[in-house]
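Single-structure report; data block below.
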């Protein structure tokens, strides 16, 4: 167990390093010299470039730039171009809001993908399977914002209720329970939308894994031994098919983080996706570059958690320590 | 699969029919008198000058906020959307093959005695997988000049991981096979071995991930258009038409529903095609 | 089987939990039933967040919306657009005029000019009934003085290099001056005095009073140092007593002076500096009166006093220094812009600041001790929703109370029984501007023909869904300055061709217009992201193409458009719009001195008659005279066609039908009245009376 932990931790550290390098490297996409500025590119005027160069120490050698950038970031010296406030605290307060979306989305994916995948695997080629397949694929194929608008309009026109923002406006001072439920309701639609892609992909994966396991030898043995169907499926087949799911779960986190840009803009949700989008619109480059780093960091944490979960679930690793 | 083939035909046809200064169906013709006409409506012959009337005599899919024929725009956009998908995926696949090939074949070679090539590249793949691509794409598109090429390249650069993993897995599996040993014994150089002997066997999963990649690229492009960073005018893509239309949702629903459904159908077709390929290539499932 | 049961139970439970939360949330109808508190809240949506809640520093409309409720100015505009006193109870406008005593000259009766002699001459003239002197309330003599000063001069650099600045020493011998306090402002006062004194004023030569070793000091420069005559308009405000800021501190004249100083302080980088630059001094006269003296005649300056007044006790130098120290920052670097006040303001307006969650909302609550009486609404919520479609949906769902309809939605929403709608004409206009430095545009016939070729009515009908009106000139149609008798250019392509032929442009073999072998061709540019301008561009291009003019079009991002093309005068023709104010001053847009880079007369219009009118207009304090001159200017510009004036947009604001005004009737019972728009179509004049009722029973207004 410990060695697995160490190995994973070591890999994650390397990944962190590479992430920091890539986030930093993006800075250099901007023209280096004023003479290199593409006059047809409205996003970089000479004044902008000056500001940019100062903020990122582009006159220094590369490794100094790198170190300076991250030091400035963490000491709060790096300030937003828009309102001159330090970048990191701004981002951290928005991360909290987005975290709820990601959490709810992950929970939804977890809860929905399994039953869906297992049921369609068991009842392969049935009507249910075919219908689910088409629906699931449709959900992966539909443009996210299109689905979002359709849902919003449907819910608002039918139920005459508010779905935008963190909570209902114009109502304060109600009790805590009410407040909690209000926030939960406002969490529903955006997190469902964020989870659709994950549910779709993961349930297909569950299905594929289950199918593979079902036809394997040891399951046939278990059946031959006379164990009942349920035990065969859920105890043996599922347990072994579980492992790859956990890793896959780690891989839907980048999708959630990336998708948050559109979902948060549509739902007026004050999270990091919307912060990033608005920072780009207002050419607030310190925030944009830092956000890349923070988003990747969040994903890293997500995959780390899924690796830990993997560790819990995989008996081989657990037993490793014993041996 | 049929849908994909049909789509190619439609895209090419669309290209032919809408290109040039006097095209058969003109996507650029502005008819201010006939804005927001619903699908299958007749043009207002008094207000619209004769040379601006729709060729088919009717607005097949309606008109948009400037009176342009939606059908013509969709046809024009088909080609552009498709090319965005293909080029982006082409880039992704090329990078994936290179990385995957190197990792698979030269995997055990150690660099600077620190780590093997394989570890390095798988590490890179892990990093690329955990980087939220959309943020990166957005940043890049925001810094660089808005152009169709920048978008294609950036999407390509952020989606090569899947291909790389498949290629690497295939090569690892096949590396020790006899025919590979034979080729090596004959003195065939490494890259040639990869290209001529190993890769053709890896075609299957690459094709699957490429098909799925095209679907993803089209979706990413439409998301970028929604945010305002998509392919700049005058090129029309379905993403552009959809995001232009969303402002008029309550008044001209066809401007949103039509491109949205079109994207849905095409992406769905590609996805199903890819899934079909995957099932076809997977021997175990075929038995059941 | 446990795992199976968990797998089935978990999603069902989660799903049920999420769905049941729907039942806790109020619907549109519930607004009225469930929470009576909702009726006292007004919610407005905005696409962008506010940036600075300080009226002296903010430049965006979101901040302005909040600042207008939290702060109040000395004056504002009434329903019919005349000025109305707010923090000021009353005001008086008059003038202090100064005349130099030039002892080298002689009076008309032959006597040499002395200070006393001049005074006696004028007194005799007044006694004799001289009309111009009836304006004079008081006359004083100010002694002369001498001084040695260092002034900065700029010379052109060697061989086309950058201009060089130098310090030059001058001796200034300021002669005595006569100070006239006039009853009202008269820009022709000195012209009349000049006639009275037989040309005396005209002959005053300021260079006689300025001695400099360096010959670079010209007569103009000398006139700046020793002006022969000087107009100093004065506004005397009498302030209301007992007005409180939101923290309980009383408002007085010191706050007015402080607000002015805060705007003019260079370290604050206020965008309002140009509005207040003509102010010479702001002098409190006791706690409840303030005297504002201007350096020169500038009538539009009066309207700037709608500016919200800042609380001096919270933002003066000591307060800022204390704040800087508390925040651990260097007081020398800490200006008004850095203060936390801008995120948590205290003003004297009807609503006070409560909370601001960035990118989410800003909440204001009613100020109970507001001098005119507390507003009816208890809370004002400014909600930030960046997506237009979502904002629309929010309005339909009842969680916002106002919505600005887009032109294509007007027909559908105007008659919707759920809402009440108010149509208003905008204060700006859209135009096509021609760069008059380009040879092809220098002939007025060409400009007129280009305008006649475009069917503006068609643009209004089809691009704007009828939500616009034609405009013929540079003033807002709702003001008196706009001359409604000026006819718009007719839509007449044939006539346009004739005009062009008169100007020498004939059709060549390919059908394009050409003169002396040169084709009539140019590029029309505008900014991207504006559908209406895009449509106008297309229409114009088509219309001109049919005449035989080859027009290329180009759109570019706003920043590039303004910085690279407009500000540098690097364009042929462009489509742009102006957002106008309510004053008559067109100097910056059309005066020939404003044609340099980064100035607003980028089309290069230069008409001496118009120039003279513009100068007189901005110096005229008499309303009728100003209106007459403005109308003449309107006609003059319409004839010259430096722009093709296109249209003014209309907007439709939708409100929840439950919003009405409530006032107290004679017997104390509440009376409900409908919301009335002002002359501009704005509906917020009676905002403090607004209330949201379940079932309004309306009395006729």
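The values are calculated or read from the model by the stated rules, or taken from the named source; none is laboratory data. Quick caveat: nothing in here was measured; it's all calculated off a predicted structure. For neighbour counting, all protein chains shown are included, and Cβ atoms are generated from backbone atoms with ideal geometry for every residue, glycine included.
Tabulated values for the structure
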quantity	calculated
Index of the failed condition, residue B:186 passing every other in (1) touching a helix residue (DSSP H, G or I) at 6+ places or on another chain (Cβ under 8 Å); (2) more than 25 Å from residue A:299 (Cβ to Cβ); (3) modelled with pLDDT under 80	(1)
Residue match in the range A:106-125 (condition: in a loop (DSSP other than H, G, I, E, B) and at pLDDT 80 or above)	no
Residue under evaluation residue C:308, criteria (1) away from chain A (no Cβ under 14 Å); (2) part of a loop (DSSP other than H, G, I, E, B); (3) over 30 Å from residue C:619 (Cβ atoms), criterion not met	(3)
In the range B:237-263, the residues that are more than 10 Å from chain A (Cβ to nearest Cβ), touching a helix residue (DSSP H, G or I) at 6+ places or on another chain (Cβ under 6 Å) and outside any helix (DSSP H, G or I)	B:237, B:251
Residue, nearest to the chain's Cα centre (by Cα), within the range B:219-236, restricted to residues that are modelled with pLDDT of 80 or more and facing another protein chain (nearest Cβ under 9 Å)	B:219
Matching residues in the range C:193-232 - criterion: being part of a strand (DSSP E or B) and in contact with a helix residue (DSSP H, G or I) (Cβ under 8 Å, 6 or more places away or on another chain)	C:210, C:229, C:231
Candidates C:694, C:666, filtered to the one that is in contact with a helix residue (DSSP H, G or I) (Cβ under 6 Å, 6 or more places away or on another chain), surrounded by fewer than 16 Cβ atoms within 10 Å (Cβ to Cβ) and either modelled with pLDDT of 80 or more or more than 24 Å from residue C:579 (Cα to Cα) (or both)	C:694
Among the residues listed as B:36, B:86, the single one being surrounded by fewer than 21 Cβ atoms within 10 Å (Cβ to Cβ), at positive phi and at pLDDT 70 or above	B:36
Selection within the range B:50-68 - touching a helix residue (DSSP H, G or I) at 6+ places or on another chain (Cβ under 9 Å) and either at pLDDT below 70 or more than 10 Å from chain C (Cβ to nearest Cβ) (or both)	B:52, B:54, B:55, B:56, B:59, B:60, B:61, B:62, B:63, B:64
Single residue of A:92, A:87 found to be more than 11 Å from every other protein chain (Cβ to nearest Cβ) and buried (at least 22 other Cβ atoms within 10 Å of the Cβ)	A:87
Matching residues in the range A:136-178 - criterion: being modelled with pLDDT under 85, part of a helix (DSSP H, G or I) and loosely packed, with under 14 Cβ neighbours inside 10 Å	A:157, A:158, A:176, A:177
Any hit, the range B:93-104, residues being in a helix (DSSP H, G or I), under 19 Å from residue B:219 (Cα atoms), modelled with pLDDT of 80 or more and more than 14 Å from chain A (Cβ to nearest Cβ)	yes
Residue ranges of strands (runs of 3 or more DSSP E) in the range C:55-121 with at least 1 members crowded, with 19+ Cβ neighbours inside 10 Å and modelled with pLDDT of 85 or more	C:75-77, C:88-100
Tally, over the range B:130-164, of residues that are under 22 Å from residue A:250 (Cα atoms), more than 7 Å from every other protein chain (Cβ to nearest Cβ) and modelled with pLDDT of 80 or more	9
Cross-chain or 6+ apart pairs with Cβ under 8 Å, the range C:1-21 first and facing another protein chain (nearest Cβ under 7 Å) and within 14 Å of residue A:109 (Cα to Cα), then at pLDDT below 70 and part of a helix (DSSP H, G or I)	C:7/A:234
Any hit, the range C:612-624, residues being over 21 Å from the mean Cα position of the chain (by Cα) and within 25 Å of residue C:470 (Cβ to Cβ)	no
Sole exception among (1) without any contact (Cβ under 8 Å) to a residue 60 or more places away in the chain; (2) buried (at least 20 other Cβ atoms within 10 Å of the Cβ); (3) within 14 Å of chain B (Cβ to nearest Cβ) for residue A:185, by number	(3)
Residues of the range C:252-293 that turn out to be without any contact (Cβ under 8 Å) to a residue 60 or more places away in the chain, in a helix (DSSP H, G or I) and closer than 18 Å to residue C:73 by Cβ, as a count	12
Condition broken by residue A:276, with the remaining ones in (1) within 14 Å of the chain's Cα centre (by Cα); (2) under 27 Å from residue B:162 (Cβ atoms); (3) at pLDDT 80 or above satisfied	(1)
So residue C:18, is it touching a helix residue (DSSP H, G or I) at 6+ places or on another chain (Cβ under 7 Å), farther than 30 Å from residue C:258 by Cβ, at pLDDT 70 or above and in a helix (DSSP H, G or I)	yes
Any chance residue C:364 is assigned to a helix (DSSP H, G or I) and within 29 Å of the chain's Cα centre (by Cα)	no
Near pairs, Cβ below 9 angstrom, 6+ apart or cross-chain, from the range C:373-388 (more than 23 Å from residue A:269 (Cβ to Cβ)) to any residue that is assigned to a loop (DSSP other than H, G, I, E, B) and at pLDDT 90 or above	C:373/C:350; C:374/C:350; C:374/C:367; C:374/C:368; C:375/C:350; C:375/C:367
Residue within the range A:64-78 that is modelled with pLDDT under 70, part of a loop (DSSP other than H, G, I, E, B), within 14 Å of chain C (Cβ to nearest Cβ) and in contact with a helix residue (DSSP H, G or I) (Cβ under 7 Å, 6 or more places away or on another chain) present	yes
Sole exception among (1) over 30 Å from residue C:74 (Cβ atoms); (2) more than 14 Å from chain A (Cβ to nearest Cβ); (3) in contact (Cβ under 8 Å) with a residue 60 or more places away in the chain for residue C:353, by number	(1)
